[in-house]
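Just so it is clear, none of the values below were taken in a lab; they were calculated from the coordinates. Just so you know, these numbers come straight off a predicted model, no measurement behind them. When we count neighbours, we look across all protein chains shown, and the Cβ atoms used for this are built from the backbone with ideal geometry, even at glycine.
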Amino acid sequence: MENKVLIAIDLSENSLKAVDYVGDMMVHHPSVTITLLNVVREPSPDVMPDEVEREAYVRKMREETRRHMEEASRRLVSRGIHEKNIHIKIQVCSKVVSIAELVLKEQKEGQYQTVVVGRRGVSKREEFLFGSISKKIVGEAKDCAVWVVE
Amino acid sequence: MTEAEIREKVDLYSRFPHRGKLKIWTNTTEFMDIQAGDVISLEEHHFLVRGEEVEGRFGLDGEPKFWVKKVIDLSDGSSKILKLVFYESFLMQIGPVNIRCFRSPRKEARILGKTRDDPYFMKGFDVQDPAGNTVRILERIQGARYYDFIQNFSMDHETYFHEHFPGIFKRLIDCFEAMLRLHQMEEVHGDIRNDHILIDRKNNLFTWIDFDYTYEWAENPFGVDLFGLGNILLFTVGMGFHNLPDLKACAPPGMQPTSCMEPEDLSLFFKHRIINLQKLFPYIPDSLNHVLMHFSCGTDVFYESTEELLRDLKACEVQLPS
């Protein structure tokens, strides 16, 4: 049976730790397919009114993200995951969206058995103000396992 | 309106007849150069500039806000406020946390449109000048700032709490409900403070003003607004804020009035601010104090929506003095 794992990664070093962990855990599962997901959010015109500036920002972020994802993919390969079983997915969103909601939507649509997120270790104050992606995923995920890697 | 007609209106509505050449601005980009005595013309609207509004924020109070002009509407002589376009990005500090904030004329104009029929929000509309600047033309609200309204109660807390607080609390709930309506429209206020509520003399409503601040994150979009609502609630229940140093300062020598305070009784964001007001004023009902404690260091559960906060606040009403 195919074993589908979705790793939600941002551009942090911490998310690469999650990738390493998945690589180590899944190396003995030949049927595993791993999707690396990143969401690039286009800034709202409220915060960046100039359209040309917004487009340039998205291009830059997309490029940076692609490099980061390729690095993540190399790390999985170096741990023994077959290259053909690794997929890279970059979603560009023009609306302010919740990353956690997007990850859960992707999980549902792609019928992933496992969702993996890194935890940034936000303070209580930051969680109050900004929320926590990993907490939201743990709280709302259905029909899958969630791994939170610190 | 021709220049001669504008001059006629200026003479009619200004206390002093205008002498010399009248400076009429249509492009408002260079707002620093627009002075008292000048006229701003936007489409069919003409305004005589009287001066600038001043900053009310603690630490900046009295600083002129050059992009916010006090004006007279030359169509009827009424006082208005013109907010010109000033983009800035800055770090807002909430306790030790810095938040990247942006000033967005576009956002404020959009909210003015969305809340047009809601009496709990300042009224106005926007006009684009020829350079594409979104100028907001605001009605001036006559009335006290909420901050001053609460601070001006000159009585002991117990009398305030039993005689005045229940009525204020009801009105505050109505005001918070207006914030819920805004959130339901997927908008945030962005700068909820007790001086961003004015008590409109016309209808006595607690009215929200100034919503041009914005920020961008999506996991908990209303977190900063909820922090602001919590602060206003605390300020209202306590008839002002209460801080550890103030308590110590007013105690007789040798007395330790703060010895009953635990770290979890204090604000999550401001290390000296007391959240557990029941320890100072024991007649504050448990239900209300419980709501306050969600903003303390001791909490592990935060409000994530104004709806949740309002649900708890409404449940407090039965325990309040009637």
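Dipole size of chain B about its Cα centre, with +1 on Lys/Arg Cβ and -1 on Asp/Glu Cβ: approximately 760 debye, rounded to the nearest 20.
Which distance in nm do the two modelled labels at A:Gln113 and B:Met261 give, with both placed 7 Å along the Cα-to-Cβ direction? A separation of 5.5 nm, rounded to one decimal place.
In the protein assembly as shown, the alpha-carbon atoms span a convex hull of 183 Å³ per residue.
Normalised by the number of residues in chain B, the average gap of Cα pairs under 8 Å and 6 or more apart makes the relative contact order 13 percent. For chymotrypsin sites (Phe, Trp or Tyr not before Pro), the sites in segment B:21-127 that DSSP calls loop and that have at most 10 other Cβ atoms within 10 Å are B:Phe58. Converting the Cα gyration tensor eigenvalues of segment B:227-289 into ellipsoid dimensions via √(5λ) gives semi-axes, longest first, of 20, 13, 11 Å.
Of all the Cα-Cα pairs you can form in chain B, what percent are over 35 Å apart? Can you show the working numbers first?
Details: 15380 of 51681 pairs.
So the pairs more than 35 Å apart make up 30 percent of the total in chain B.
Quantify how much of the Cα-Cα distance distribution of segment B:143-319 extends past 30 Å, in percent. Tail fraction, whole percent: 17. Per residue of chain B, the DSSP helices (runs of n ≥ 4 H) give a summed -39500 (n - 2.57) that works out to -8500 deg cm²/dmol at 222 nm. When the charge dipole of chain B is built from unit charges on Cβ atoms (+1 for Lys and Arg, -1 for Asp and Glu) and taken about the Cα centre, the candidate among B:Thr134, B:His164, B:Gln278 whose Cα reaches farthest toward its positive end is B:Thr134. For segment A:3-149, the convex hull drawn through the C-alpha positions has a volume of 109 cubic angstrom per residue.
Within a straight-line Cα-Cα reach of under 18 Å, B:Lys107 can be paired with the following lysines, leaving aside sequence neighbours fewer than 8 residues apart in one chain: A:Lys95, B:Lys83, B:Lys123. Among B:Asp129, B:Asp312, B:Asp11, the largest mean-square fluctuation in a Gaussian network model of chain B (Cα springs under 10 Å) belongs to B:Asp11. Note on B:Asp76 and B:Tyr283: with the Förster distance fixed at 35 Å, the Cβ-Cβ geometry gives a FRET efficiency of about 0.10. Multiplying each eigenvalue of the alpha-carbon gyration tensor of segment B:54-199 by 5 and taking the square root yields semi-axes of 29, 19, 17 Å, largest first, rounded to whole angstroms. With R₀ fixed at 22 Å, the C-beta to C-beta distance from B:Asn152 to B:Ser14 puts the FRET efficiency at about 0.10.
Pairs of Cα atoms under 8 Å, at least six residues apart: use those to get the relative contact order of segment B:11-85, whole percent. If you can, show how the numbers build up before the last one.
Working: 129 pairs, mean separation 17.8, N = 75.
Answer for segment B:11-85 is 24 percent.
Pop the C-beta distance of B:Leu91 and B:Arg50 into the FRET formula with R0 = 35 Å and round what comes out to the nearest 0.05. Present the calculation step by step, with values, prior to reporting the outcome.
On the way: r = 32 Å, r/R0 = 0.93.
Result of the calculation: an efficiency of 0.60.
Working from Cα pairs under 8 Å separated by at least six residues, relative contact order for segment B:143-319 is 23 percent. Between the C-alpha center of segment B:1-28 and that of segment B:195-256 there is a gap of 42 Å.
Each label was represented as a point 7 Å from its Cα along the Cα-to-Cβ direction; for B:Glu216 and A:Lys105 these points are 1.8 nm apart.
Return the ratio Rg/(2.2 N^0.38 Å) for segment B:3-139, where Rg is computed over Cα atoms only.
Numbers: Rg = 16.3 Å, N = 137, 2.2 N^0.38 = 14.3 Å.
Normalised by 2.2 N^0.38 Å, the Cα Rg of segment B:3-139 equals 1.14.
Distance from the alpha carbon centroid of segment B:127-168 to that of segment A:74-150 works out to 43 angstrom. Comparing mean-square fluctuations of A:Tyr112, A:Tyr57, A:Tyr21 from a GNM of chain A with C-alpha springs under 10 Å, the top value falls on A:Tyr57.
Of the chymotrypsin sites (Phe, Trp or Tyr not before Pro) in segment B:205-293, the ones in a loop by DSSP (not H, G, I, E or B) with at most 10 other beta carbons within 10 Å are B:Tyr283.
Put a dot 7 Å past the Cα of B:Phe125, heading toward its Cβ, do the same for A:Arg62, and the two dots end up 4.0 nm apart.
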